[in-house]
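The values are calculated or read from the model by the stated rules, or taken from the named source; none is laboratory data. Bear in mind that the values here come from a model prediction, so they are computed numbers and not experimental data. Counting neighbours? That spans all protein chains shown, and the Cβs are built from the backbone with ideal geometry, glycine included.
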């Protein structure tokens, strides 16, 4: 039997080892998902809500233990990991549960005498969720909870780095009394994932991951008449205008750049600052960055943990080295962070200036604690640079002028446009991207549309 191993970035040890599902187990899971969904779709929304809220209760009751597991699996400091459950997961799950009635209600149309006409939102069937390791609960909850609320069954395949997350979902739904088969998980290889997507029993795919992974999912989907939601990469920009509250902008953009060691699809990777405040902004940004503590994520004092693996740290450092060779200047001395160790996942944060768009660090996704900062002369230049990217997940502006923020936001190619905040998902708003950041959306009432299909009822009544 094939197995997968989760190597902890903390110390390189094998933290979890799991056997991959064989063909028989995959077939059984798919068949069970189909049969259980036929019964689950008959339940009332109230029944579904009761079960889903109880599943959330399980997560909240076990947040500290789950947080410790997360730290060992992917390296985020222990001071933060439980909050993925208590804050983001809790907020998103309960919001999507609360708006399900509105989102799934029949769509009424104009009354015509002698007819009853409406559009019903039917569940799709079996939803296959492929989730990543970097925010393993925040990304998966966007699809798992609303899919089940909509009357679908769910099969979850979690990243090799975070297999315990899938198992926690199973425990939560068992605690909540969800009928057997409505939620299942499978530990799978990449080839097996493609085979599952190609199976006629899968009705929708919700994928979060790399652009390369998105292309692979799309290739598998293209062989069938189904669609998938693809949340892919980002190279998210920020624009700091001359009228911005600099202390607020610095505090939030440093956090947006370095939280989770920069391993966030909507993390800040490039910043454009008006020339009038550029020097002051950069100085403040560097000083705040120097206050971070890189080290053992099991230590509550640590604010910057290891990256997920050595190869990821090496990739980020390579972008820095290439940029410096092309004329960029690195403002952070890695020696200020004693835990920084080449050839390991422990990488010091870095701030680069004298950068431009001929450098990969300003064009290609870094997914690490690295940020480049450029000076701009005008709003027009900032807009042009923000749009000069293959990605378009989020972008932010830092200004005191709401009207101008709205005007500029109309011109920036992005899925979410922030003013005076960044790196946050509001569950009331659609989470979506443009260009190579993907397609489709999750969260908000709009997020339910991809998890259902419209069915029209056109009923003529005899007089």
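Points to keep in mind about this one:
- Members of region 397-433 that are assigned by TED's automatic domain parsing to the domain that holds residue 363 and part of a strand (DSSP E or B): 397, 398, 416, 417, 418, 419
- Any hit, region 333-343, residues being within 18 Å of residue 303 (Cβ to Cβ), outside the structural domain of residue 76 (by TED's automatic domain parsing) and in contact with a helix residue (DSSP H, G or I) (Cβ under 7 Å, 6 or more places away or on another chain): yes
- Selection status of residue 27, at pLDDT 95 or above, out of contact with any strand residue (DSSP E or B) (no Cβ under 9 Å at 6 or more places or on another chain), closer than 30 Å to residue 195 by Cα and outside the structural domain of residue 298 (by TED's automatic domain parsing): yes
- Residue match in region 112-126 (condition: closer than 23 Å to residue 172 by Cα, in a strand (DSSP E or B), assigned by TED's automatic domain parsing to the domain that holds residue 11 and in contact (Cβ under 8 Å) with a residue 60 or more places away in the chain): yes
- Cβ separations smaller than 6 Å between residues 6+ apart or across chains give no pair from region 131-147 residues that are part of a helix (DSSP H, G or I) to residues that are at pLDDT below 95 and surrounded by fewer than 24 Cβ atoms within 10 Å (Cβ to Cβ).
- Failed item, numbered, when residue 208 is tested on (1) within 25 Å of residue 1 (Cα to Cα); (2) surrounded by 16 or more Cβ atoms within 10 Å (Cβ to Cβ); (3) in contact (Cβ under 8 Å) with a residue 60 or more places away in the chain; (4) within 22 Å of the chain's Cα centre (by Cα): (1)
- Qualifying residue in region 5-16 (condition: on the phi > 0 side of the Ramachandran plot and in the same structural domain as residue 126 (by TED's automatic domain parsing)): yes
- Residues that are over 21 Å from residue 159 (Cα atoms) and part of a helix (DSSP H, G or I) are absent from region 6-23 altogether.
- Any hit, region 435-445, residues being under 25 Å from residue 237 (Cα atoms), out of contact with any helix residue (DSSP H, G or I) (no Cβ under 7 Å at 6 or more places or on another chain), loosely packed, with under 15 Cβ neighbours inside 10 Å and at pLDDT 95 or above: no
- Elements of the type helices (runs of 4 or more DSSP H) sitting completely within region 175-270 and holding at least 1 residues that are in the same structural domain as residue 140 (by TED's automatic domain parsing): these cover 190-198, 211-221.
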